[in-house]
1. Which pairs have Cβ atoms under 8 Å, sit 6 or more apart or on different chains, and link a residue in region 172-200 that is open to solvent by 60 Å² or more (accessible area, probe 1.4 Å) to one that is of a type in the set (D, E, K, R) and modelled with pLDDT under 90?
2. I'd like the residue in region 234-258 that is open to solvent by 50 Å² or more (accessible area, probe 1.4 Å) and modelled with pLDDT of 70 or more and, out of all such residues, is farthest from Ala147 (Cα to Cα).
3. Regarding Leu29, is this residue at pLDDT below 85 and of a type in the set (A, V, I, L, M)?
4. Being within 14 Å of Pro46 (Cα to Cα) and among the small types (Gly, Ala, Ser) is the filter here, so list the residues in region 62-113 that pass it.
Amino acid sequence: MADAYGIDNVLVLVVIVVIVLTIVTFLELRYFRSFMKKRRDRVDLPDNAHNGILTGKAIANALRSVGVDTTQADDVIAEAETAYRRRDYRVAIQLSEQAKTLLKSQKAKHDKVGDLGRLQRVRATASDEPTTKEVLQKEHPPNYTQAKFTLSLAEERIAAARTAGRRTAPAEGVLKNAQASFDAADYDSALKLAAKSRRMADGEIPAEGEPKTPVSSQVEIPRPANRACASCGAELLVGDPFCRKCGVKVERPVACATCGASLKADDTFCRKCGASIP
């Protein structure tokens, strides 16, 4: 009987030891997994913070090249870089995400404003341009302001095309000729060449082998368009893209007056009947 009791006690002790070892092993494995996860997080945080800052900078540079105001986002990215240098990687990641949100919001606002907003900024920031319509009319010849704005717009579109990886050499060559015409005070030619450069940068016309519109051998005398400027009421001539008095952009007709065919914004002649578009 004594041996039987001794064997039972040994079995109970062995079972208890096995249970204790199982519990200890489970706890150690759980602690090890938690430790490894925290370690991986510590290793990944610097990389994630660094990548977030670089991504924010790249997006800001791309948007800035097309005229988007990125001032607020640039400040937030600078704060993220400061947090990264202090090894506060979680804060750096949060700030980089905040900068991306600001850039997305500014891009949406920029898309709503469009080219008119850029024209207003050019007029507001140019120190050599007047601030009223009357002074503009007296001090600058026709097409001066329009040519200056279109040159600036073409530069922005070429920069955007270059960022997108498109070929911009032909558009840059036309823009160089436009700038030379502007410097020579030939604002009509500068306006036309700058508009062509902008269209080439946007891919609206081919860089090589561009189809040419037949040019009449006779010089066309500007004639009234039987319309008035919606801003100042001045009489408009056929082919005027801007009002000669106040500089406001002239809205183009959406349909051909001869055959009723739909028109695009850059059409000079009707694609169906060939009639000149005022």
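The values are calculated or read from the model by the stated rules, or taken from the named source; none is laboratory data. The structure displayed is predicted, hence computed values, not measured ones. Don't worry about glycine lacking a Cβ; one is built from the backbone with ideal geometry, like all the others, and counts go over all protein chains shown. The accessibility values were calculated without ligands, DNA or RNA, using every heavy atom of the protein model including side chains. Shrake-Rupley method; radii C 1.70, N 1.55, O 1.52, S 1.80 Å.
1. These pairs meet every condition: Arg199/Asp266.
2. Thr258
3. Details: at pLDDT below 85: yes; of a type in the set (A, V, I, L, M): yes.
It is true that Leu29 is at pLDDT below 85 and of a type in the set (A, V, I, L, M).
4. Within region 62-113, Ala80, Ala83, Ala92, Ser96 qualify.
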